[in-house]
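What follows is a single structure, written as C-alpha cells, with notes after it.
Only the coordinates and a few stated rules stand behind these numbers; no lab work does. On a predicted model such as this, the values are computed, not experimentally measured, just so you know. Here Cβ is always computed from backbone atoms with ideal geometry, including for glycine, and neighbour counts include all displayed protein chains.
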Amino acid sequence: MPKTATRPTTSKTSTNGHPAGSKVAPKTLQKMEKSKKNVTDTVNLKVSKSEHQDRKKSQKNSIANLDKELLREMLYQMVLGRIFEQKCAEVYRIGKIGGFCHLYIGQEAVGVGAIMALRSDDYVITAYRDHVQAMLKGITPEAVMAELYGKAGGNVGGKGGSMHMFSKDLGFFGGHGIVGGQIGVGTGMAYAQKYKGTDAVTLCFFGEAALNQGMFHESLNMAQLWKLPCIYICENNQYGMGTSQARAMSMSNIADKAAAFGMASEFVDGMDVLAVREATERAIERARKDGSPTLLEIRCYRFMGHSMSDPGKYRTSDEIKKYQERDPIFLFKESLKEAEVFGDKDFTEIENRAKEAVEKAVKFAEESPFPEEEELFTDVLA
Ligand SMILES: Cc1ncc(C[n+]2csc(CCOP(=O)(O)OP(=O)(O)O)c2C)c(N)n1
Ligand SMILES: [Mg+2]
C-alpha cells in the first residue's frame, strides 16, 4: 500500500485496524542505536521521492472517488491555513500578536484530512497548535485573528490568545497548553457522547511528545475498556519543543503502542491529505458503529520552529528542505492537476480567495477594540 510513509527503523505497523505485536531482534536494536546518532535526519530522499510518485498514483485513485467541490474546499482550506499562518508570523514579528504562537505550516493535510471527514455534531479537541483546526471546525478567520491580537472581537473575547481557541457551539473544545492534558478531556468528551446515546465522535489531536505522559496511557486504556468513540490522532511531526522523537521515546513506532490496549491503529502519511481523510473515515466508521476507539499515528513535519521564539538549532536546514519537497499542498495540487480536476486558473482563484479571507481577518482584528477593563474580572475561576 503506497500510502504508508517509510519509517526510520525497521519495525512493522499494521494498517488494517489490528495492531501488530513487535519483538525487537538484537540486530534491529543495534540499527536503532545507530540511527539515534543521526537523530536529526530521518528521511531518505531517494526513497521518499519514489514514495512521492507512488502516492501520487494513490491520490489519483482517491480523487476519482470524491466530489469536485469537496476537493476544491479541501485545497482551499489547506491554502487558507497556510496563508493565515504566514500572516500570523508576519504580524507577530511586528508585535501585533503577543505571547506564545505555534504555527501549523507543513501540517495542514492532517487537520484538513481529518476534520473535514467529520459531521458538524462531532467534537474536536487539540493542543496549542490550534488556529487552523479551529477554523476547520467553523470558527471564522476573523475571530481567530482577533483572538491572536488579544482583541474583544476575538473567538474568546481576546482573553485566551493563540493557545485557547474554543467554541462549545461548534464542538471545538480548545486549544490546550498542558502537553497531553487534552487527551483526558477528549476521552471525557467521547464518554459524554456515548452517555447521551448519540453516535457522534471525538477527534483528539496531540503531538508525539504527549505520548510519554501518563495521561495518554490512562486515557487509551479507559477508552478501549469502555468503548468510547474517541479517535486519538497523534500528529507525529517528529519533534517536541527542540527534542527529536528519537531522543525522547524508547520506541519509534507510535501506532504499535495501541497494542498495549488492544486498540485498532493505523500509521498514515501526513503529507497526503486524502490518505489522512480515508484513515479517519475508517476510524469514524468503527467509532459510530459500536464506540470503538482508534489510535492514528499521522507522520508529518513542521516547517517552522516549535513556536515563534524557537531558534531552531536542533535540526539542519537540509532536513527541512527535504521535507519541503513533499509539501502537502504541492503534492495535492500536483495530483489534482494530473487528474485533470483543476488547473492553474483554479489554483490562482483558490489562492486569491484565501488571501482575501486573511486580509479581511487582519482588518477585523486591527479594527476590533481591546477588551474593557472590567473584563479582567469575568470568566475567572479561582
Ligand atoms: C506538561 C507539560 N510539560 C512540558 C510543557 C512544555 N512544552 C510545551 S510544548 C512541548 C513539546 C510538545 O511537543 P509535541 O507534543 O510533539 O507537539 P508539537 O509541538 O510538536 O505539536 C513541551 C515540552 C508543557 N506545556 N506541558
Ligand atoms: Mg511534535
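Which one is nearest to ligand 1 (Cβ to nearest atom) among residues in the range 155-191 that are within 22 Å of Ala143 (Cα to Cα) and of a type in the set (A, V, I, L, M)?
For the range 155-191, the residue satisfying everything is Met163.
State all residues of the range 323-374 that are touching a residue at least 12 places away in the same chain (Cβ under 8 Å) and among the aromatic types (Phe, Trp, Tyr); if no residue qualifies, say none.
If the condition is that a residue be touching a residue at least 12 places away in the same chain (Cβ under 8 Å) and among the aromatic types (Phe, Trp, Tyr), then Tyr323, Phe332, Phe342, Phe347, Phe364, Phe370 are the ones that fit.
Can you tell me which residues in the range 202-243 are crowded, with 19+ Cβ neighbours inside 10 Å, more than 13 Å from the chain's Cα centre (by Cα) and within 15 Å of ligand 2 (Cβ to nearest atom)?
Ala209, Ala210, Leu211, Phe216, Tyr239, Gly240
Please enumerate the residues belonging to the range 111-150 that are within 15 Å of Cys101 (Cβ to Cβ) and among the basic types (Lys, Arg).
Arg129 - this is the single residue of the range 111-150 that is within 15 Å of Cys101 (Cβ to Cβ) and among the basic types (Lys, Arg).
Just for helices (runs of 4 or more DSSP H) wholly inside the range 98-177: which have at least 1 residues that are at negative phi and surrounded by fewer than 24 Cβ atoms within 10 Å (Cβ to Cβ)?
Of the helices (runs of 4 or more DSSP H) lying wholly inside the range 98-177, those with at least 1 residues that are at negative phi and surrounded by fewer than 24 Cβ atoms within 10 Å (Cβ to Cβ) span 131-136, 141-148.
In the set Lys137, Lys194, which member is more than 16 Å from ligand 1 (Cβ to nearest atom) and farther than 21 Å from Ser219 by Cα?
Residue meeting the stated conditions: Lys137.
For every residue, the table says whether it meets (1) closer than 21 Å to Leu118 by Cβ; (2) within 16 Å of ligand 2 (Cβ to nearest atom); (3) among the β-branched types (Val, Ile, Thr).
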site	(1), (2), (3)
Ala275	yes, no, no
Thr280	yes, no, yes
Phe303	no, yes, no
Ser309	no, no, no
Arg315	no, yes, no
Glu319	no, yes, no
Gln324	no, no, no
Lys333	no, no, no
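If the Cβ limit is 6 Å and pairs must be 6+ apart or interchain, which residue in the range 173-190 that is more than 17 Å from His102 (Cα to Cα) pairs with which residue that is among the aromatic types (Phe, Trp, Tyr) and away from ligand 1 (no atom under 16 Å from the Cβ)?
Met189/Tyr123
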